[in-house]
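These notes are about the structure you will find just below.
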Amino acid sequence: MAITAEQLTQAAQIVSQAETVRAAAVTLRERLSPLKTLVLDAFDMRGEKPAVHVPTTQGPERALYMMSTDGHCWTVTRDPLQASALVLTQG
């Protein structure tokens, strides 16, 4: 599955407007199904470059990462054509 530019823009808007990253994940799972959406601690994604930095009015900046899988392992990808999941973090 690939992530389109429109889906990435929509995801960033949802993440920026949601009260929490967990609430954003719930909305993304509903609106962008079957795309998988996970919430991780920002520390777990240290050293990785997010696809989108998401400023918020609710607190610390949030980030959105695109993930790809080979069926066993997950990796961060910058290629939306390879992405099949999103990871959300809050700094």
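We did not get these values from a lab; they are worked out from the coordinates using the rules stated. The shown structure was predicted, so the numbers you read here are calculated from the model rather than taken from an experiment. Cβ: placed from backbone, ideal geometry, glycine included. Neighbour counts: every protein chain shown.
For the residue pair Leu38 and Met1, what label-to-label distance in nm results when each label sits 7 Å from Cα along the Cα-to-beta-carbon direction?
1.4 nm
Report, in debye and to the nearest 20, how large the dipole of the stretch 5-90 comes out about its Cα centre when Lys and Arg carry +1 and Asp and Glu carry -1 on their Cβ.
On the way: 8 positive and 9 negative charges, 10 e Å.
The calculation lands at about 60 debye.
Taking Cα pairs under 8 Å and at least six residues apart, what relative contact order does the chain come out at, in percent?
Rounded, it is 35 percent for the chain.
With each run of n ≥ 4 DSSP H residues scored as -39500 (n - 2.57), what mean residue ellipticity at 222 nm is computed for the chain after dividing by its residue count and rounding to the nearest 500 deg cm²/dmol? If you can, show how the numbers build up before the last one.
Numbers: 2 runs with 24 residues, N = 91.
Helix-only estimate at 222 nm: -8000 deg cm²/dmol.
Please compute P(r) over all alpha-carbon pairs of the chain, binned at 5 Å starting from zero, and give each bin as a whole-number percent.
It works out to 3, 16, 29, 27, 18, 6, 1, 0, in whole percents.
Tell me the label-point distance for the pair Gln10, Val26, using the 7 Å Cα-to-Cβ offset, in nm and rounded to one decimal.
2.0 nm
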